[in-house]
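The values are calculated or read from the model by the stated rules, or taken from the named source; none is laboratory data. This one's a predicted model, so the numbers in the text were calculated from it and none came from an experiment. All Cβ positions, even for glycine, are placed from backbone atoms using ideal geometry, and neighbour counts span all protein chains on display. Note: accessible area is taken over every heavy atom of the protein model, side chains too, but ligands, DNA and RNA are not part of it. Shrake-Rupley method; radii C 1.70, N 1.55, O 1.52, S 1.80 Å.
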Amino acid sequence: MCRQSSTVCLVKTPTRQHRLTGPLVLRLGTLADPRHRRGKRHPFVSVLLVACSAVLTGARSFAAIGQWAKSAPQDTLARLGTRTTTVFNVRIAPSTATIRRVLGAACPGGLADLLGHDPAGADTLAVDGKSARGSRHGDTPAAHLLAAVTGTGLTVTQLRVPGKTNEITCFDALLKPYDLSGVTVTADALHCQREHARFLVEQKKAHYAFTVKRNQKNLHRQLAALPWDKASAKFYDRTDAHGRLETRVVQALTITGLGVDFPHATQVAKIVRHRTQRRTGKRSRETVYVITDLTSRQASPERIAKIVRSQWTIENRLHFVRDTTFAEDASKIRTGHGPDNMATLRSFAINQLRAAGHAYIAAGLREMSYDSFRRPLNLLDLP
């Protein structure tokens, strides 16, 4: 069953073996075709492959994908498995309208799972949400997408948050299909929930490191009142980037027996950030707390600082790239599952380029576009 609809969308449950076994063509073949069986002209998988390949060259819209497909030569269309017509086996590319219908109806949860990276064995996994602002239309709010990204910047999956709820209700569903044994899951203060902590430790055998702010008033008050003057474990760090000088002081305290009411919590860190703006000289100070089930042997203050900074990976290496390189917030794709599936295709392109060694996604897209009908297909390992 799809994690976002009540209809069956996969031939079988997308287990880890299911996502990893076989080439991309076989994985996409497990996704059910949402179209009515009458009137189908183009193979479902070939339409998805066309979309994947076009986005790898920088296509940002259905029209751009359709234009790429229309310009593709016969050998490229053959590798993509598009339909043939006449006795001469001439390949016919799917039209923009066909691409729009397929991507607007395909199961978003299944597509995101099948195109995502397997998080098993990862050090950290960051969870955060982002709104596709351009998908707002009239009284319909913008699509809000909750995603999970490894510490190396590879997207695992994403789910669209229902309009009448928030990210908290989708947290378990987002991570449930994956093997997270030993993985440290990070999230912002919104997800500092007792149910999330129990889910990660008891069901997924994972670890957590949650930021605590004033949305959890009682917990924040308890952590602020801890005997921080007795904390001997400290770590100092300084960075000079983005026009500001920032100094961080991390203190860690084992809280066993100190009466902190949070499931499986064994350690708390206090992070004090001092910032100085280079241009204006303005200074600011911020204090945040991080609660985790990692013991002092598993996570020193230096290790906790690294874990906390890994949460920014999802913002810097996914959301920022989709906004600036793919102009996601300016996209006017609004109907059906179009916003979800286009976001998945962008994340998939980022994953593929990073796996191929491209540190800068914009440069990787340009390299793909220099030979736009061969290099993307080679990167996808299409025969």
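Some notes on this structure:
- Options VAL212, PRO227, GLY138, ranked by Cα towards positive dipole end of the chain, top entry (Cβ charges): GLY138
- For the chain, size of Cβ-based charge dipole, Lys and Arg +1, Asp and Glu -1, in debye: 720
- For the chain: accessible area per residue (Å², 1.4 Å): 48
- This model, with +1 at the C-beta of Lys and Arg and -1 at the C-beta of Asp and Glu, gives segment 26-169 a dipole about its Cα centre of some 860 debye.
- With a Förster radius of 51 Å applied to the C-beta separation of HIS264 and ASN89, the computed FRET efficiency comes to 0.25.
- DSSP-assigned coil residues among trypsin sites (Lys or Arg not before Pro) in segment 142-203, each with at most 11 further Cβ atoms within 10 Å: LYS164
- Accessible area of the chain belonging to carbon and sulfur atoms, whole % at 1.4 Å probe: 50
- Within the assembled protein chains, the solvent-accessible surface assigned to HIS42 is about 20 Å², based on a 1.4 Å probe.
- Cα long-axis angle, helix 44-56 against the chain (0 to 90 degrees, to the nearest 10): 60
- Of ALA265, ALA120, ALA241, the residue with the greatest mean-square motion in the GNM of the chain, using alpha carbon springs below 10 Å, is ALA241.
- If the chain linking ALA189 and ASN215 were pulled fully straight, counting 0.36 nm for each residue of separation and taking away their Cα-Cα distance, it would gain 8.6 nm.
- Across the protein chains, with a 1.4 Å probe defining accessible surface, the residues THR155, THR96 rank THR96, THR155 from largest area downward.
- Counting only protein heavy atoms and using a 1.4 Å probe, the accessible area of LYS204 comes to about 30 Å².
- Converting phi to 3J(HN,Hα) with the Karplus coefficients 6.51, -1.76 and 1.60 and the offset θ = phi - 60°, segment 238-243 yields 9, 10, 10, 7, 6, x Hz in sequence order, with x at every glycine or proline.
- Nearest-20 debye value, segment 169-256 charge dipole, Cβ charges on Lys, Arg, Asp, Glu: 280
- Choice from VAL55, VAL102, VAL249 with maximal GNM fluctuation in the chain (Cα, 10 Å cutoff): VAL249
- Between SER181 and GLN74, the FRET efficiency from the beta-carbon distance, with R0 = 51 Å, is close to 0.60.
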